[in-house]
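J.: Below is a structure I'd like to ask you about.
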Amino acid sequence: MNFDWTPEQEALRKEVRDFIRENMTKRLGGEMGEEMEEGADRERSRALRKKIGEKGWLAISWPKEYGGQGGDRMSQYIVEEEFARVGMGVGGGGSGAGAILGAGTEEQKRYFVPKVIAGEMSFCLGFTEPQGGADLAGLQCRAVRDGDFYTINGQKMFTSGAHNATHIYLMARTDPAAERHRGITILLVPMDTPGITVRPLWTVQNDPPAPPGTTYGMGRTNEVFFEDVRVPISCRLGDENMGWFIGAQGLNLDRVGASRYLISVHMDEDIINWAKESDLGGYSVKDDPAVRDKLAELWIEAQVCRLMTMRSMSIVQRDQDFTYEGSAEKVMAPEHGVTASEAISQILGPYAQLLNGSEGAVESGIYAHNLMGAFQSGINHGSVQIMRDQVARRGLGMPRG
Amino acid sequence: MARDPVCGKEIDEAAVRAVTGQTAYGAPEVDPTKGTRRFHEGVWYYFDTLDCRSKFLASPDTYIKKAAS
């Protein structure tokens with residue numbers, strides 16, 4: 001078994017690294033990765049994204065007819081991995097476009113996917129509701145069919161990016177009498193449709209603002225209200241009442257990719273580099289045996305996360321049955337992120353509490369902000385508890401819990 | 001004016017709903033400091049904070065009865 005990259009893949013990685021060195025700083029990358037943030041310079045983001053697109057590095061493995069490059073998944077992974085190190089997503093993961101490619105009409109694929117790749121269109125995910133928490137199938141937001149239209153009434157919660165998205169990828173209940181997983185439909189709704197109202201929710205990362213590159217450092221999320229929002233049936237993704245299954249497939253594919261595990265591994269790399277170079281008032285961090293042991297342990301765990309991602313990539317690349325692997329990654333990587341942020345806070349001692357802007361804050365307080373953000377990663381996009389249940393059922397053949 | 005069924009505070013429904021801005025792609029925004037709301041069994045309820053609304057969602061009948069009394 002040979003785990004080496006091919007010479008072509010190594011050359012691609014070098015080319016991407018050179019481009020990043022010449023065109024981006026970590027701060028710029030972090031800001032671009034947070035295009036959803038308030039005050040983000042979207043024009044600058046678009047210009048750089050265009051330049052990256054001209055290199056052929058956006059959505060490499062997506063079909064050419066919809067704006068991708070028609071390339072292989074491993075090449076995309078290499079490019080994703082390098083850009084993720086400077087906080088920028090280039091693979092299209094988490095964008096909603098994966099589900100459109102899987103379940104959309106030809107017209108929807110041609111309309112949405114190229115614009116999503118170019119950064120001209122974006123989706124926020126209208127899943128969670130105030131009463132539901134992680135129990136997504138309990139959603140109550142209603143869409144009632146009326147001829148060639150749906151009328152939507154209800155409310156969504158923790159809708160990150162609703163303030164900067166062009167569309168909402170909305171899960172709504174269309175058949176309240178059906179078994180709860182079977183009465184749900186996905187609608188792709190423009191955010192400027194009359195009847196939509198957005199209420200900002202400021203997060204713990206807002207004051208003081210988390211520095212660029214923080215794990216889940218978004219200072220804002222939203223509530224979104226729908227009152228008699230009327231959309232044509234052409235907004236529907238896939239068949240009516242099949243939204244649960246379309247959404248699950250899209251989410252599982254969204255979970256595959258470099259960004260998920262790198263969110264956690266960034267912290268390991270950053271703290272290792274910091275420990276090598278820093279001394280806290282003459283105390284040499286890198287010479288402390290407890291610190292060295294802990295960093296080695298984190299690094300080993302990070303490599304397990306990476307290998308799990310590579311395995312998923314390989315399954316997707318070979319068109320094999322992809323069932324529980326994304327869920328398994330979604331347990332391992334976020335929990336590693338939490339372990340890492342806690343370990344780092346122990347290593348830094350009282351310095352770990354100093355937030356951005358505080359006197360003496362280490363690296364603009366990023367580790368303190370990471371500690372606050374890491375826990376979120378075990379909840380959003382499918383909680384680790386739900387993911388474990390999926391691994392038990394789909395991977396181990398256990399009955400539904 | 002409405003009354004928060006959990007904490008009893010008076011809430012200005014018009015202020016909760018008043019449009020104070022717009023998102024990057026055209027959705028109206030409201031001021032979150034004015035409170036929030038929830039449509040429950042045909043009626044809009046208004047709340048001072050998300051905490052109040054979460055308590056209400058956990059046991060709506062308890063708070064509706066309490067407010068009525």
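J.: Scanning region A:147-159 for residues that are surrounded by fewer than 20 Cβ atoms within 10 Å (Cβ to Cβ) and in contact (Cβ under 8 Å) with a residue 60 or more places away in the chain, which turns out nearest to the other protein chains (Cβ to nearest Cβ)?
T.: Keep residues of region A:147-159 that are surrounded by fewer than 20 Cβ atoms within 10 Å (Cβ to Cβ), which gives A:147-149, A:151, A:153.
Now narrow it down to the ones that are in contact (Cβ under 8 Å) with a residue 60 or more places away in the chain: A:148-149, A:151, A:153.
Working: A:Asp148: 23, A:Phe149: 19, A:Thr151: 14, A:Asn153: 7 Å.
Among residues in region A:147-159 that are surrounded by fewer than 20 Cβ atoms within 10 Å (Cβ to Cβ) and in contact (Cβ under 8 Å) with a residue 60 or more places away in the chain, the one nearest to the other protein chains (Cβ to nearest Cβ) is A:Asn153.
J.: A further question on this structure: Residues of region B:51-69 being touching a helix residue (DSSP H, G or I) at 6+ places or on another chain (Cβ under 8 Å) and either on the phi > 0 side of the Ramachandran plot or more than 10 Å from chain A (Cβ to nearest Cβ) (or both), which ones? Don't jump to the end; show me each part of the working.
T.: Taking region B:51-69 and keeping what is touching a helix residue (DSSP H, G or I) at 6+ places or on another chain (Cβ under 8 Å), we get B:55-56, B:63.
Scanning region B:51-69 gives B:Lys55, B:Tyr63.
J.: Could you tell me whether A:Ser377 is assigned by TED's automatic domain parsing to the domain that holds A:Trp274, surrounded by fewer than 22 Cβ atoms within 10 Å (Cβ to Cβ) and in a helix (DSSP H, G or I)? Outline the logic, then answer.
T.: On the way: assigned by TED's automatic domain parsing to the domain that holds A:Trp274: yes; surrounded by fewer than 22 Cβ atoms within 10 Å (Cβ to Cβ): no; in a helix (DSSP H, G or I): yes.
Taking the combined requirement at face value, the residue does not satisfy it.
J.: Just to be sure I understand, how many residues within region B:37-50 are surrounded by 17 or more Cβ atoms within 10 Å (Cβ to Cβ), charged (D, E, K, R) and within 12 Å of chain A (Cβ to nearest Cβ)?
T.: Residues meeting the conditions: 2.
J.: Out of all the residues in region B:2-31, which are within 12 Å of chain A (Cβ to nearest Cβ), among the aliphatic types (A, V, I, L, M) and in a strand (DSSP E or B)?
T.: B:Val19, B:Val30
J.: Same structure again: So for region A:235-246 (the condition being crowded, with 21+ Cβ neighbours inside 10 Å and at pLDDT below 90), does at least one residue qualify? Give the derivation first.
T.: The initial filter retains those residues of region A:235-246 that are crowded, with 21+ Cβ neighbours inside 10 Å, namely A:236-238, A:243, A:246.
Then drop every residue that is not at pLDDT below 90, which leaves A:246.
Scanning region A:235-246 turns up at least one residue that is crowded, with 21+ Cβ neighbours inside 10 Å and at pLDDT below 90.
J.: Could you tell me which numbered condition A:Asn206 fails, if it satisfies all but one of (1) more than 30 Å from B:Ala18 (Cα to Cα); (2) over 19 Å from the mean Cα position of the chain (by Cα)?
T.: For A:Asn206, the failing item is (1).
J.: Residue check: is A:Glu106 modelled with pLDDT of 85 or more and surrounded by fewer than 22 Cβ atoms within 10 Å (Cβ to Cβ)?
T.: On the way: modelled with pLDDT of 85 or more: yes; surrounded by fewer than 22 Cβ atoms within 10 Å (Cβ to Cβ): yes.
Yes.
J.: Now a separate question. Given the conditions (1) at pLDDT 95 or above; (2) surrounded by fewer than 16 Cβ atoms within 10 Å (Cβ to Cβ); (3) of a type outside the set (Val, Ile, Thr), which single one is not true for B:Ser69?
T.: (1)
J.: Give the residue, chosen from A:Ile60, A:Ile52, that is in contact with a Leu (Cβ under 8 Å, 6 or more places away or on another chain), farther than 21 Å from A:Phe245 by Cβ and modelled with pLDDT of 85 or more. Please lay out each step first, then the result.
T.: Working: A:Ile60 fails: in contact with a Leu (Cβ under 8 Å, 6 or more places away or on another chain).
So the residue among A:Ile60, A:Ile52 that is in contact with a Leu (Cβ under 8 Å, 6 or more places away or on another chain), farther than 21 Å from A:Phe245 by Cβ and modelled with pLDDT of 85 or more is A:Ile52.
J.: Shifting gears a bit: Suppose the filter is buried (at least 24 other Cβ atoms within 10 Å of the Cβ), touching a helix residue (DSSP H, G or I) at 6+ places or on another chain (Cβ under 8 Å), at pLDDT 90 or above and not charged (D, E, K, R); does A:Thr185 pass it?
T.: yes
J.: Now a separate question. Please go through region A:137-193 and give me each residue that is under 22 Å from the mean Cα position of the chain (by Cα) and assigned to a loop (DSSP other than H, G, I, E, B), ordered by number.
T.: A:Leu139, A:Met157, A:Phe158, A:Thr159, A:Ser160, A:Gly161, A:Ala162, A:His163, A:Asn164, A:Ala165, A:Thr166, A:Met191
J.: Since B:Lys34 meets every condition but one in (1) at pLDDT 95 or above; (2) more than 10 Å from chain A (Cβ to nearest Cβ), which condition does it not meet?
T.: The failed condition is (2).
J.: What pairs can you find where one residue is in region A:290-302 and assigned by TED's automatic domain parsing to the domain that holds A:Tyr261, the other is surrounded by 13 or more Cβ atoms within 10 Å (Cβ to Cβ) and aromatic (Phe, Trp, Tyr), and their Cβ atoms are less than 9 Å apart, with a gap of 6+ or different chains?
T.: Listed pairs, sorted by first residue: A:Ala302/A:Tyr261.
J.: Let me ask something additional. Is it true that A:Val116 is out of contact with any strand residue (DSSP E or B) (no Cβ under 8 Å at 6 or more places or on another chain) and hydrophobic (A, V, I, L, M, F, W, C)? So that I can check it myself, show each step before the final result.
T.: Details: out of contact with any strand residue (DSSP E or B) (no Cβ under 8 Å at 6 or more places or on another chain): no; hydrophobic (A, V, I, L, M, F, W, C): yes.
When the stated conditions are applied, A:Val116 does not pass them.
J.: Could you pull out the residue among A:Phe226, A:Phe158, A:Phe245 that is more than 20 Å from A:Gln376 (Cβ to Cβ) and out of contact with any Cys (no Cβ under 9 Å at 6 or more places or on another chain)? Spell out how you get there, then give the answer.
T.: Details: A:Phe226 fails: out of contact with any Cys (no Cβ under 9 Å at 6 or more places or on another chain); A:Phe158 fails: more than 20 Å from A:Gln376 (Cβ to Cβ).
Being more than 20 Å from A:Gln376 (Cβ to Cβ) and out of contact with any Cys (no Cβ under 9 Å at 6 or more places or on another chain) holds for just one of A:Phe226, A:Phe158, A:Phe245, which is A:Phe245.
Residue-by-condition table, conditions (1) away from chain B (no Cβ under 13 Å); (2) among the β-branched types (Val, Ile, Thr); (3) within 30 Å of A:Leu355 (Cα to Cα); (4) surrounded by fewer than 24 Cβ atoms within 10 Å (Cβ to Cβ):
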residue: A:Val144; (1), (2), (3), (4): yes, yes, no, yes
residue: A:Asn164; (1), (2), (3), (4): no, no, yes, yes
residue: A:Ala178; (1), (2), (3), (4): yes, no, no, yes
residue: A:Thr203; (1), (2), (3), (4): no, yes, yes, yes
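The values are calculated or read from the model by the stated rules, or taken from the named source; none is laboratory data. Small disclaimer: the values here were computed from a predicted structure and weren't measured. Positions of Cβ are backbone-derived with ideal geometry, glycine not excepted, and every protein chain shown enters the neighbour counts.
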